[in-house]
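The values are calculated or read from the model by the stated rules, or taken from the named source; none is laboratory data. Note that the structure is a prediction, hence the values are computed from the model and not measured. A quick note on method: Cβ atoms are made from the backbone with ideal geometry, for glycine too, and the neighbour counts reach across all protein chains shown.
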């Protein structure tokens, strides 16, 4: 049974060369961009609840640090989401597909999984049933990764390449706000519900139930949003052909379309964020070793850092539409490397909150610009009939090499110190500049 035809998506501003600065800004207030803001909130909410915030809860409950470290592997679900992305791309869900269509049905199913997992995490006491809590955390992580797959496809199919930077920027804005709510917000909720010092399960139960309720933002957005225009899929005969179309065809199509350029593009994807990711591992230890207090770091990173990230995402989206994605991709790579050099300078100074504010602001501004352009670039590489699978592959690839290399960052700091470390992470950006320059010469297929 096929899904009923959806009403057409409200139009975005025209895609011609006459699009001015006012038109570029107007894109952010179009219905597709506003939808992506709320869906971005839904995507950003679960991440910290199974990683950063969960580790705080477990440590307060008396769980040892080694166990907490091993449990962080729950987050590997995000790195391997490409493995089941083909199912999200092609499989029609019974009943839900006829009601909502292909993309929205998967979004709603994933959100239901996240809500049930958060409810389970809320009601499970890690002091009494740690393995049960881990199981529910895995449910949340798997549901969240599945939501990412479907949401990336929904975003790509909701607008053309030119407007992807704006959609990426509004998506990031909602995503970042959700991370604040799932980070500082959940700690605040647990603290207000606590009646005594030390770990209290009921306080954390209330906080996680509030997070589960917050997922209603994404569910309601899915229900009131139109389904993107359906992309016809070629009929398949039997399971072997279906598996070939679902698992092999998306990757083969990318290689056939770009030929040897595919290696260049994949190389760029694999290392574009390497300066930021490797440096970020040592950022908090650096603040502690420099003598900054938790209150100072929290105020600077949560207030100035978030504001500048959102501003950078907005600027990156507007500039990408006006000047082209590749130019802003290059700008983002340059700014990311330069901001690491600012940390190398800070490492040689006496602790100064004012200097920290300026440097964290500059780092987050550059990161916002780079992220908006990079998401738009990844979106431009996908073919609409394989959008979920191909984007999931790209977004998984972009962290594998940087995360592996970042594991050695502490060893490097111990051997050579912070100034040399931050300088080295800036130099890691040089190959990125070369690859962006070469990729810019590739004509789109």
- Note on the structure: residue 281: passes all of (1) surrounded by 12 or more Cβ atoms within 10 Å (Cβ to Cβ); (2) at pLDDT 75 or above; (3) under 25 Å from residue 397 (Cβ atoms) but (2)
- Item | Residue identified as at pLDDT 90 or above, assigned by TED's automatic domain parsing to the domain that holds residue 57 and surrounded by 23 or more Cβ atoms within 10 Å (Cβ to Cβ) among 85, 145 | 145
- residue 408 fails exactly one of (1) surrounded by fewer than 18 Cβ atoms within 10 Å (Cβ to Cβ); (2) closer than 24 Å to residue 173 by Cβ, namely (2)
- Task: Only residues that are assigned to a loop (DSSP other than H, G, I, E, B), under 26 Å from residue 116 (Cβ atoms) and modelled with pLDDT under 90: list them for segment 182-224, please.
- Result: 194, 199, 200
- Message: Just the residues that are at pLDDT below 75 and within 23 Å of residue 205 (Cβ to Cβ), please, taken from segment 65-82.
- Response: 67, 68, 71, 72, 75
- Message: I'd like to check something: does segment 368-380 contain any residue that is buried (at least 16 other Cβ atoms within 10 Å of the Cβ), assigned to a helix (DSSP H, G or I) and more than 20 Å from the chain's Cα centre (by Cα)?
- Response: no
- Subset of segment 38-52 [part of a helix (DSSP H, G or I) and over 13 Å from residue 154 (Cβ atoms)]: 41, 44, 45, 46, 47, 48, 49, 52
- Message: Considering only segment 107-119, I want to know if a residue exists there that is within 19 Å of residue 61 (Cα to Cα) and not assigned by TED's automatic domain parsing to the domain that holds residue 365.
- Response: yes
- Please identify the pairs in which a residue from segment 421-445 that is in the same structural domain as residue 282 (by TED's automatic domain parsing) and closer than 23 Å to residue 260 by Cα has its Cβ atom under 9 Å from the Cβ atom of a residue that is exposed (fewer than 14 other Cβ atoms within 10 Å of the Cβ) and at pLDDT 90 or above, counting only partners at least 6 apart or on another chain. none
- Item | Residue list for segment 97-116, filter: more than 14 Å from residue 216 (Cα to Cα) and either surrounded by 17 or more Cβ atoms within 10 Å (Cβ to Cβ) or touching a strand residue (DSSP E or B) at 6+ places or on another chain (Cβ under 9 Å) (or both) | 97, 100, 101, 102, 103, 104, 105, 106
- Search segment 187-216 for residues being touching a residue at least 40 places away in the same chain (Cβ under 8 Å) and within 22 Å of the chain's Cα centre (by Cα), and hand back the single one that is nearest to residue 59 (Cα to Cα). 187
- Any idea which of 351, 402 is touching a residue at least 40 places away in the same chain (Cβ under 8 Å), assigned to a helix (DSSP H, G or I), in the same structural domain as residue 275 (by TED's automatic domain parsing) and on the phi < 0 side of the Ramachandran plot? 402
- Is it fair to say residue 58 is over 23 Å from the mean Cα position of the chain (by Cα), surrounded by 17 or more Cβ atoms within 10 Å (Cβ to Cβ) and at pLDDT below 75? no
- Meets criteria (surrounded by 15 or more Cβ atoms within 10 Å (Cβ to Cβ), in a helix (DSSP H, G or I) and either within 18 Å of the chain's Cα centre (by Cα) or free of Cβ contacts under 8 Å to residues at least 60 places away in the same chain (or both)) for residue 77: yes
- Task: Using the structure shown, decide if residue 94 is over 21 Å from residue 216 (Cα atoms), in a helix (DSSP H, G or I) and modelled with pLDDT of 75 or more.
- Result: no
